[in-house]
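Asks: Questions regarding the structure given below will be posed in turn.
The values are calculated or read from the model by the stated rules, or taken from the named source; none is laboratory data. Model, not experiment: these values are computed from the prediction. Note: ideal-geometry Cβ built from the backbone for every residue, glycine included; neighbour counts use all protein chains shown. With ligands, DNA and RNA removed, areas are computed over all heavy atoms of the protein, side chains included. Shrake-Rupley method; radii C 1.70, N 1.55, O 1.52, S 1.80 Å.
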Amino acid sequence: MRLQTASSIRGEGLGTLLSLAASLTWLVAAAVIAWSLAALLTDPAVLSPVLMATSFFALAALRAALSAMSDRCLAEAADARIDVLRQEIATVEAQSTQPSALGGPGALAALAGEKLEALRPYLMRYRPARMRSAVMPLVILGIAVWHSWAVALVLLLAGPLIPVFMALVGWAAKSASERQMVEIGQLSDLLVDRLAALSDLRLIGAGPQMVDGFARASEDLRERTMSVLRIAFLSSTVLELFSALGVAMVAIWVGFSLLGELSWGAWGTELSPAAGIYLLLLAPEFFQPLRDLAAAWHDRAAAEAVQDEIAGWRAEDRPVRVGQGGGVAALTPQPVLRLSGVVHRGIAYPELSIVPGETVALTGPSGCGKSTLLRLLAGLEQPDQGAVLLDGQPLDDSNAAAWRASLGWMPQAPHFLNRSLRYNIAFGAPLEPGLLDAAQLAQVLKALPKGDLSLLGERGAGLSGGEARRVTLARAMQGAPGLIIADEPTADLDAATAKAITDGLMRFAQTGGTLIIATHDPALAGRMDRQIALGKSEDLSCGI
Ligand SMILES: Nc1ncnc2c1ncn2[C@@H]1O[C@H](COP(=O)(O)OP(=O)(O)OP(=O)(O)O)[C@@H](O)[C@H]1O
């Protein structure tokens, strides 16, 4: 997978080796046990119980320590990988100007949260299990061949059945996991959509249909999840059966050989008790890595489904916002803003120039491209042709962040965070002095029981439309920008509230600020220095 960090690669490698080392210690521990038990049976005088117990417990402690260290390295490496992917999703989505084909915010949240977590068991278990399966069975087979061709034959026949069956099951598990992942994304999207429209749905009495819709979607997800689990349980049962049969056959051969009932299978010699017990102890360990790999195979199927989804998401060719996010000093002094040969989404915009301190209204019929022009001017989108120029320099990656830091943005549909009103204005920074008065918010706050600490929902719950608009005006003025770009700041407001917003904007302009406003409101447009009327003509170009 792309975007591995050096430390996560090191952690995975080290964790995998430690896990192999932990398994290898069993070969020595089993030899100590076998030799001690055999001595007990044949010549107890040579047995030193203290030495035997000490060696056994030291080896057990070593094995436990190696396993714990391995788990820790692998867990840290998995955390690092998942964090990097989560950051990638957050960064790319923050930079994209178009929604992902994967789905809405719910689907993306499910990908960044729940689905990425499906990678964790794979990252922690699959590679170590694969490494153990490549080494341990071969080493144990070598030991078995040395002592008994019969035991080696049993292991050789039973062992490969596990990977073969595992591969067959893997196909079914992967497609079941893919269907489950799609279902998780769709259910998350449905949840986000319905929650956003909850009050409207209640008003039109669509509650029962909504509940039915959820019930259907969760039932689908339940079925998908059950089919994944069914495959997992069935396959692990079959695999357990193979390994149990293998171990049982070794045990039968060893038991009858030690009893003297079988005289074949040990290269013509008699099987010694130590060798017999050793083989008996090693047989389960021959199958254990293969069983671990079979379990991790399911993790792999789920992880591959997530990886495919991430690969599809990465392959999307979406336009990105120019420049990185905040943390950059604002442009000073304010530049002259110019449009040069701009054509975007089939709309040709007029050549225009706006100097600092000017107040400009963009007017024109609905759909003519006013909001789009504001987004181009703010550097939130890049024009298909032509350029937005700041003092003659094209607005691009080199200056977009600083440009956006020097302007305030009042969107047509305000969005809030589920935090306090104060936080929604300044995002944790101290409020500019006089800001609440300038945005005509002081009176509004007096009427709220908790004032500026009142909690807002994502859609501005607890505020009227006009009050919400004043909050976005305050947000746009916070940080003393040189320019405010406002999209329909007085739309849907009564005359008195519209005037209050207009007065707030004009007060900003009187302090020398530049205003660029898209509006259908003649009263607001009339108070601007200049009006630029955009209008659709036959060839879809706009003109002044
Ligand atoms: N993200 C987008 N992707 C594709 N087309 C878009 C997008 N946003 C707007 N458009 C299209 O661009 C054109 C201009 O839209 P825009 O919102 O800029 O118009 P407007 O003049 O602001 O309209 P209104 O006065 O109704 O707000 C419209 O035809 C619209 O469908």
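Asks: Restricting segment 361-387 to residues that are open to solvent by 10 Å² or more (accessible area, probe 1.4 Å) and assigned to a strand (DSSP E or B), which is nearest to the ligand (Cβ to nearest atom)?
Replies: 363
Asks: Of the residues 357, 408, only one is assigned by TED's automatic domain parsing to the domain that holds residue 501, more than 16 Å from the ligand (Cβ to nearest atom), part of a strand (DSSP E or B) and among the small types (Gly, Ala, Ser); which? Before you say what the answer is, go through the steps one by one.
Replies: Details: 357 fails: part of a strand (DSSP E or B).
408 is the lone residue from the list that is assigned by TED's automatic domain parsing to the domain that holds residue 501, more than 16 Å from the ligand (Cβ to nearest atom), part of a strand (DSSP E or B) and among the small types (Gly, Ala, Ser).
Asks: Would a scan of segment 466-479 turn up a residue that is surrounded by fewer than 14 Cβ atoms within 10 Å (Cβ to Cβ) and either within 16 Å of the ligand (Cβ to nearest atom) or modelled with pLDDT under 90 (or both)?
Replies: The answer is no, given that none of the residues of segment 466-479 is surrounded by fewer than 14 Cβ atoms within 10 Å (Cβ to Cβ) and either within 16 Å of the ligand (Cβ to nearest atom) or modelled with pLDDT under 90 (or both).
Asks: Follow-up question, since we're still on this one. In segment 420-436, how many residues are in contact with a Gly (Cβ under 9 Å, 6 or more places away or on another chain) and either open to solvent by 60 Å² or more (accessible area, probe 1.4 Å) or assigned to a loop (DSSP other than H, G, I, E, B) (or both)?
Replies: Let us first name the residues in segment 420-436 that are in contact with a Gly (Cβ under 9 Å, 6 or more places away or on another chain), namely 421-422, 424, 426, 429, 432.
Then drop every residue that is not either open to solvent by 60 Å² or more (accessible area, probe 1.4 Å) or assigned to a loop (DSSP other than H, G, I, E, B) (or both), which leaves 422, 429, 432.
Matching residues across segment 420-436 total 3.
Asks: Another one. Looking at residue 30 and the list (1) open to solvent by less than 20 Å² (accessible area, probe 1.4 Å); (2) within 26 Å of residue 178 (Cβ to Cβ); (3) touching a Leu at 6+ places or on another chain (Cβ under 8 Å), which single condition is not satisfied?
Replies: Looking at each condition in turn, residue 30 falls short on (2).
Asks: When residue 100 is evaluated against the numbered criteria (1) within 12 Å of the chain's Cα centre (by Cα); (2) open to solvent by less than 50 Å² (accessible area, probe 1.4 Å), which criterion, by number, is the only one it fails?
Replies: So the condition that residue 100 fails would be (1).
Asks: Another question, then. How many residues does segment 200-210 contain that are exposed (fewer than 11 other Cβ atoms within 10 Å of the Cβ) and closer than 26 Å to residue 183 by Cα?
Replies: 2
Asks: Follow-up. Do we find a residue being surrounded by 14 or more Cβ atoms within 10 Å (Cβ to Cβ) and outside any helix (DSSP H, G or I) anywhere in segment 46-60?
Replies: yes
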